Structure formats: C-alpha cells, structure tokens
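*Asks:* Below you'll find the structure I mean.
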Amino acid sequence: MSHSSEAPDAGAGSISVMLVEDDERVRSRFGRQIAAAQGLALACAVSSAGEALDWLAEHPVNVLLVDLGLPDRSGIEVIQACTRLQPACEIMVITMFGDEGTMMQAFTAGASGYLLKDGSEEDLAAHIHNLRNGGAPMSPIIARQLLRRLAPPTASGEARAADGVVPLSPKESEVLGLVARGFSYPEVGRLLGVSVNTVHTHARNIYGKLNVSSKTEAVYEARQLGWIKG
C-alpha cells in the first residue's frame, strides 16, 4: 500500500522532496520530518519503484530520497531513472544496506548522499539542505568505506591491518556474532542467559575496541578484520 501526496503549496524557494520508502512507519516518520521542516516541501511519498518511476516521469522535484530494498525492484533503478529524467535533481539514499558493493552502485548510478537507517537520519532536514547546497551527506561508516577504497594499498597489498586492534573477549565475540545475525540486545541477553544491562556493557566494550558508535559500524569493522564471516 502506498501513500502519495502532492504538496499543496511548496512556496517560493522551498525545496521539493520526493520520498520512496516501502516501510509505512518509516515513510510516515520521514514524511513528517520533511513536512515540518522550514524550507522543505514533501511533494510525493510512495512505497515502490514503479510508483516512483511513474511520478518522476511527470513531475519535477528538487531532491529524491530513496530506499534501495524496494518490493518490486531495486532503488538503484529509481536512481538511474531520476538521473536520466531529471538531471538537476539531487539524490540521497536512506537504507539498511551499507556494504561497499551496494554503496558504489548507488553512487555510480547518480546518488550524491548515502545515509544508513541507524540514527544518521535523525537530522534529515539538515542533510537535505546540505545535499541541495552541494554537500554529500553520508553516514560515518559510508565515508570511511570511501576513504578506504581511495587509499593506496600497503606494502603487503592489504588495504588495512588488524595491528593495534584490541581483540574481543569470547563473550564479546558471542554478543557481536548474535547482533550481526539481527538479534536485538534483549534477545541476545535471553540467548546468553545474561541481563540486558550486561549485554549493553559488552556492546560498549566492543564499540570502544573497534572505535565505532553503532551496531552497523561494529559489524562492518568486525567483518573487515575477519572476526565475522559473511
């Protein structure tokens, strides 16, 4: 089920925004943030790539916010179509997918910003203004991946080494492994037979050792170090 709405009056100078997000709760939350922000106008909010492509073919818009995991086809196709149909439109991805391959596909297709749904979207209005003013808003983990991709290899031919990284304890490894499989902290606590406060303590230790600030970053760093497979 989609939700679509035309902005009744974008107002002179307002940035018109199209939102493509299949999760109804997320779409409503983002839509409220955009509609309430000064200088922004929600032009359209839809739940599928097909609806987005039909709308883009008929309506000009300043900014496109698009998820990648859409029910009918990839958000990458929406980005490609928008780039072709409306080359002046700025495009920002907001997604759960933070792997390097997906990220590079999005940027190659025409995206200029990339936010993960891990808290980076809390300042959504500011990110949209930044994007429209020539910036490239990115979650920290995405920016880090880009820097690593551009960095020259070391003498050993490796992009990075694990030297200097404090290893995780067996219990911390268990916690991180379960988090990587999608379990919440309360669920991890039940599976390991410990309190959720103990799980939070392990998580803080993991974050400190990996120098990260979110679950997504922790899992990514652990995979880069070979501590988690897949």
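*Asks:* Could you list all residues from region 73-95 that are polar (S, T, N, Q) and out of contact with any Asp or Glu (no Cβ under 9 Å at 6 or more places or on another chain)? Walk me through how you get there before you give the answer.
*Replies:* First, pick out the residues of region 73-95 that are polar (S, T, N, Q): 74, 80, 83, 86, 95.
74, 80, 83, 86, listed by residue number.
*Asks:* Here's something else I'd like to know. For the structure I just gave you, tell me whether residue 204 is more than 17 Å from residue 169 (Cβ to Cβ), without any contact (Cβ under 8 Å) to a residue 40 or more places away in the chain, out of contact with any strand residue (DSSP E or B) (no Cβ under 6 Å at 6 or more places or on another chain) and part of a helix (DSSP H, G or I). Before you say what the answer is, go through the steps one by one.
*Replies:* Working: more than 17 Å from residue 169 (Cβ to Cβ): no; without any contact (Cβ under 8 Å) to a residue 40 or more places away in the chain: yes; out of contact with any strand residue (DSSP E or B) (no Cβ under 6 Å at 6 or more places or on another chain): yes; part of a helix (DSSP H, G or I): yes.
So residue 204 fails the test.
*Asks:* List every residue pair whose Cβ atoms sit under 7 Å apart, with the two residues 6 or more apart in sequence or on different chains, where the first one lies in region 99-116 and is more than 14 Å from residue 220 (Cα to Cα) and the second, anywhere, is among the acidic types (Asp, Glu) and part of a helix (DSSP H, G or I).
*Replies:* That search, which allows pairs on different chains as well, returns 115/121.
*Asks:* Oh, and also: Of these, 166, 179, which one is β-branched (Val, Ile, Thr), modelled with pLDDT under 90 and farther than 15 Å from residue 220 by Cα?
*Replies:* Working: 179 fails: farther than 15 Å from residue 220 by Cα.
Only one candidate qualifies: 166.
*Asks:* Also: Among the residues of region 85-110 satisfying the criterion of being more than 22 Å from residue 47 (Cβ to Cβ) and modelled with pLDDT of 85 or more, which is surrounded by the most Cβ atoms within 10 Å (Cβ to Cβ)?
*Replies:* 103
The values are calculated or read from the model by the stated rules, or taken from the named source; none is laboratory data. Small disclaimer: the values here were computed from a predicted structure and weren't measured. Here Cβ is always computed from backbone atoms with ideal geometry, including for glycine, and neighbour counts include all displayed protein chains.
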